[in-house]
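A.B. asks: One structure follows; several queries about it will come next.
The values are calculated or read from the model by the stated rules, or taken from the named source; none is laboratory data. Note that the structure is predicted; figures quoted are calculated from it, not measured. Here Cβ is always computed from backbone atoms with ideal geometry, including for glycine, and neighbour counts include all displayed protein chains.
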Amino acid sequence: MAEREELDDYLGSFLDLNVSPARVIQKEGALGEIEECLMSVGDNFILICEKKIFEKTLPYFKNLNCVKEDKIIFTESACCCYKETDRIYSAIEKIGGCDAIIAAGGGTVMDIAKIAAYNSRKPLITVPTSAATCAAFTSLAVVYSAEGVFSHYDYLNKNPDICVIEPAMIMNAGSRLLAAGFADSAAKYVEGVWSYSGKARDYYSELGLMVAYNLTNEILSIGARAIEDVNNNTMSREVFEAVSYNIIASGLSSGIAGMKIYPNIAHSISNGVTALFNAESYLDIFHGESISLGLGVGALLMPDEGDKIKAIVAALKSFGLPVSLSGLLGLSRNAKNIDARDAAGIIAKKAMAENESIHDISFITEDILYKALIETDKSPHLTINY
């Protein structure tokens with residue numbers, strides 16, 4: 001009887017995957033050919049983007065005849081919140097008909113557009129302007145309060161339809177964003193190991209974890225060179241590959257893995273950081289930078305067979321990413337006004353909120369997390385001197 005119940009549970013909950021966009025294009029001059037990419041979708045589009053990003057992006061489009069001036073909607077919020085997604089949805093409705101929506105920007109614009117397109121029941125074409133996250137590839141949207149404090153994840157039931165990646169444009173976003181993407185990508189493997197531990201093994205979880213493992217090894221191999229080349233404004237094979245790893249491979253590892261592989265310690269700490277840096281300070285810290293701190297904390301708390309996680313954290317440190325609390329606080333323009341112990345308390349409290357996936361690791365409490373955040377500045381392999 002027990003075996004039958006176990007089999008029924010297995011058969012009833014095995015697969016529900018949003019793997020990838022239907023088409024992904026990454027090549028030099030991709031945006032110059034975007035209208036050819038869009039032929040299968042239609043010829044009447046609404047563009048969602050941040051105004052300053054639009055001005056930087058425009059030169060990469062040889063033409064944008066498919067988007068009329070009166071069908072461009074500029075975002076107004078520094079974070080993806082329902083106030084902003086509702087405003088964008090209303091603007092789409094006011095404009096009237098379109099065949100699909102194009103979103104150009106970073107992770108915030110991608111998430112805003114994903115929710116707006118989903119609510120409008122329109123296909124979505126994403127044009128990422130940085131490789132700091134895999135937001136342009138995945139079905140997930142991260143939702144914040146209007147003040148920039150993490151609220152929850154929206155698991156939409158489809159990925160964007162087409163993702164168009166212009167490597168030269170992304171290179172111009174700078175090495176700090178690229179490095180932040182390395183941390184977010186590496187977390188797919190590290191948090192995957194932590195979340196998968198003790199669960200019944202299955203092919204798709206193993207496949208997603210294998211993709212994440214290979215992705216992380218590639219980042220460790222080419223990351224330093226890619227950052228150096230971006231700093232020198234030099235397009236190289238390493239830069240091209242780094243862009244694809246942070247957007248495509250990172251998103252694919254999540255999409256193919258299913259629900260046994262998911263964010264936990266690092267992402268919960270990153271969410272906790274939003275309780276400290278929000279509103280005017282929201283843009284001081286990139287998502288991947290707070291993820292990097294979270295991986296540093298995890299390296300202190302979790303088993304590490306063969307010191308693999310410590311090697312990853314050391315690599316992130318070498319990329320200039322913060323893996324200690326003081327390293328993260330040092331990135332803020334308000335750093336001198338922040339007490340480290342107060343900051344640790346705020347981060348730990350928010351990270352341990354009831355809806356956080358960190359609770360899957362049952363031994364972690366708010367006090368343990370607080371002490372680990374403080375400990376990152378005492379552990380020799382984590383401390384960074386700024």
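A.B. asks: Considering only residues that are farther than 24 Å from N271 by Cα and touching a Lys or Arg at 6+ places or on another chain (Cβ under 8 Å), look in the stretch 170-199 and name the one that is surrounded by the most Cβ atoms within 10 Å (Cβ to Cβ).
C.D. replies: N172
A.B. asks: Let me ask something else about it. What helices (runs of 4 or more DSSP H), lying completely within the stretch 286-386, carry at least 3 residues that are over 23 Å from the mean Cα position of the chain (by Cα)?
C.D. replies: Output list reads 340-351, 366-375.
A.B. asks: Here are the criteria: (1) under 22 Å from E289 (Cα atoms); (2) among the acidic types (D, E); (3) at pLDDT 95 or above. Tell me which single one E147 does not satisfy.
C.D. replies: Going through (1) under 22 Å from E289 (Cα atoms); (2) among the acidic types (D, E); (3) at pLDDT 95 or above one by one, E147 breaks only (3).
A.B. asks: In the stretch 51-83, what residues are surrounded by 15 or more Cβ atoms within 10 Å (Cβ to Cβ), among the aliphatic types (A, V, I, L, M) and either touching a helix residue (DSSP H, G or I) at 6+ places or on another chain (Cβ under 6 Å) or more than 18 Å from D111 (Cβ to Cβ) (or both)?
C.D. replies: L64, V67, I72, I73, A78
A.B. asks: Read through the list (1) free of Cβ contacts under 8 Å to residues at least 40 places away in the same chain; (2) in contact with an Asp or Glu (Cβ under 9 Å, 6 or more places away or on another chain); (3) under 25 Å from V142 (Cα atoms); (4) among the polar types (S, T, N, Q), then give the number of the only condition that S77 fails.
C.D. replies: Going through (1) free of Cβ contacts under 8 Å to residues at least 40 places away in the same chain; (2) in contact with an Asp or Glu (Cβ under 9 Å, 6 or more places away or on another chain); (3) under 25 Å from V142 (Cα atoms); (4) among the polar types (S, T, N, Q) one by one, S77 breaks only (1).
A.B. asks: Looking at the stretch 270-288, can you tell me whether even one residue there is surrounded by fewer than 20 Cβ atoms within 10 Å (Cβ to Cβ) and touching a Phe, Trp or Tyr at 6+ places or on another chain (Cβ under 7 Å)?
C.D. replies: Yes - at least one qualifying residue is present in the stretch 270-288.
A.B. asks: Now for a different question. Only one of these conditions is not met by M259: (1) in a loop (DSSP other than H, G, I, E, B); (2) modelled with pLDDT of 95 or more. Which number is it?
C.D. replies: (2)
A.B. asks: Tell me, which residue of the stretch 200-240 that is basic (K, R) and modelled with pLDDT of 95 or more is surrounded by the fewest Cβ atoms within 10 Å (Cβ to Cβ)?
C.D. replies: Going through the qualifying residues, I end up with R237.
A.B. asks: Could you please find all residues in the stretch 165-200 being part of a loop (DSSP other than H, G, I, E, B), outside the structural domain of I34 (by TED's automatic domain parsing) and of a type in the set (D, E, K, R)?
C.D. replies: Hit for the stretch 165-200 is K199, nothing else.
A.B. asks: Let me ask something else about it. Quick check: anything in the stretch 56-77 farther than 30 Å from N271 by Cβ and among the β-branched types (V, I, T)?
C.D. replies: Yes - at least one qualifying residue is present in the stretch 56-77.
A.B. asks: Next question. Conditions first: (1) of a type outside the set (K, R); (2) modelled with pLDDT under 95; (3) in the same structural domain as Y155 (by TED's automatic domain parsing). A2 passes all but one, so which condition is the exception?
C.D. replies: So A2 meets the others, but not (3).
A.B. asks: Among the helices (runs of 4 or more DSSP H) lying completely within the stretch 1-113, list those that include at least 2 residues that are in contact with a strand residue (DSSP E or B) (Cβ under 7 Å, 6 or more places away or on another chain).
C.D. replies: 34-38, 51-57, 82-95
A.B. asks: Looking only at the stretch 302-312, filter to residues that are in contact (Cβ under 8 Å) with a residue 40 or more places away in the chain and out of contact with any Ser or Thr (no Cβ under 8 Å at 6 or more places or on another chain); which one of those is surrounded by the most Cβ atoms within 10 Å (Cβ to Cβ)?
C.D. replies: Checking each candidate, the answer is I309.
A.B. asks: If I ask for residues that are charged (D, E, K, R) and surrounded by fewer than 24 Cβ atoms within 10 Å (Cβ to Cβ), which ones from the stretch 84-130 would you list?
C.D. replies: Within the stretch 84-130, E84, D86, R87, E93, K94, D99, R121, K122 meet the criteria.
A.B. asks: Right, something else. Looking at (1) under 22 Å from A224 (Cβ atoms); (2) outside any helix (DSSP H, G or I), which is the only condition F277 fails?
C.D. replies: (1)
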